[in-house]
Amino acid sequence: MKNIVLFGKPGAGKGTQAALLKEKLQWVHISTGDVFRYNIKNQTELGQLAKSYIDDGALVPDEVTIKMLSDEVEKNPDANGFIFDGFPRTTAQAEALDYLMQDKSMKINATISLEAEDEILIQRLIQRGKDSGRSDDMDESKIRNRFDEYNQKTAPLIDYYQKQNKFVAINGIGSIDEIALKLEQIVAEL
Ligand code: AMP
């Protein structure tokens, strides 16, 4: 079993690439953003709790997100591997994930970062907002807030995973297929 984290700023292509990898490898893909959006759509208690943060482009509090992620892992006892997409986003989340993995005799094999410049990402997000109607993609100030959250709370994880020798950065600009191939190669070598 292998488990990877797909890492990168909003709009880097984590969701797109995770879906392709999932299809290729038959692993379980957990996107915390997707789980939140599902809960908002279905007006669950979790959705109501998360909505105001997501609408502001802020991170949902760690306790809520960590519990949700661990529930998602528990729901998939027979997984061949997990693709974590959009989690962890804080040091507390990364520590909780390590603890959860250890508890299940599993580990994170690599954290693969899709890299792209902010201005390109902002253009992509605005386009995605137009296509999907996602409210946090439609407002540039919310997008800027998500980048600020990333810089303050998520960027320190680069160092966290580098210290564990698990951090791999790849160029997130290019065709979807090209990037998918690169990811498959990295995963095959883990
Ligand atoms: P995403 O779909 O990954 O861009 O996530 C959309 C929004 O969901 C984020 O801007 C956060 O408000 C929330 N969210 C997703 N994942 C996390 C996480 N790991 N920690 C905190 N908030 C999250």
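Residues that are within 12 Å of the ligand (Cβ to nearest atom) and either polar (S, T, N, Q) or part of a helix (DSSP H, G or I) (or both) within the range 25-37 comprise 31, 32, 33, 34, 35, 36, 37, listed in sequence order.
Which residues, counting only those in the range 17-31, are over 17 Å from residue 110 (Cα atoms) and out of contact with any helix residue (DSSP H, G or I) (no Cβ under 6 Å at 6 or more places or on another chain)? Break it down stepwise before answering.
Keep residues of the range 17-31 that are over 17 Å from residue 110 (Cα atoms), which gives 19-20, 23-24, 26.
Within the range 17-31, 19, 23, 24, 26 qualify.
Select from the range 38-61 the residues that are near the ligand (Cβ under 7 Å from one of its atoms) and in a helix (DSSP H, G or I) and write down the one among them that is surrounded by the fewest Cβ atoms within 10 Å (Cβ to Cβ). Walk me through how you get there before you give the answer.
Taking the range 38-61 first, the residues near the ligand (Cβ under 7 Å from one of its atoms) are 50, 53-54, 57-60.
Okay, now just the ones that are also in a helix (DSSP H, G or I), so 50, 53-54.
Details: 50: 24, 53: 17, 54: 20.
Top of the filtered list is 53.
From the list 112, 108, 186, 122, which residue is more than 22 Å from residue 20 (Cα to Cα) and surrounded by 13 or more Cβ atoms within 10 Å (Cβ to Cβ)?
122 is the lone residue from the list that is more than 22 Å from residue 20 (Cα to Cα) and surrounded by 13 or more Cβ atoms within 10 Å (Cβ to Cβ).
In the range 38-59, the residues that are at positive phi reach residues that are within 11 Å of the ligand (Cβ to nearest atom) and assigned to a helix (DSSP H, G or I) with C-beta atoms within less than 8 angstrom, at least six apart or across chains, in these pairs: 57/136; 57/142; 57/143; 57/145; 57/146; 57/149. Scanning the range 70-92 for residues being in contact with a helix residue (DSSP H, G or I) (Cβ under 6 Å, 6 or more places away or on another chain) and buried (at least 20 other Cβ atoms within 10 Å of the Cβ) gives a total of 7. If the condition is being in a helix (DSSP H, G or I) and more than 10 Å from the ligand (Cβ to nearest atom), then the range 79-93 contributes only 91.
Can you give me the number of residues within the range 147-190 that are among the β-branched types (Val, Ile, Thr) and assigned to a helix (DSSP H, G or I)?
6
The numbers here are math on the coordinates, done by the rules we state, and not lab data. Please read all numbers here as calculations on a predicted model, not as lab measurements. Don't worry about glycine lacking a Cβ; one is built from the backbone with ideal geometry, like all the others, and counts go over all protein chains shown.
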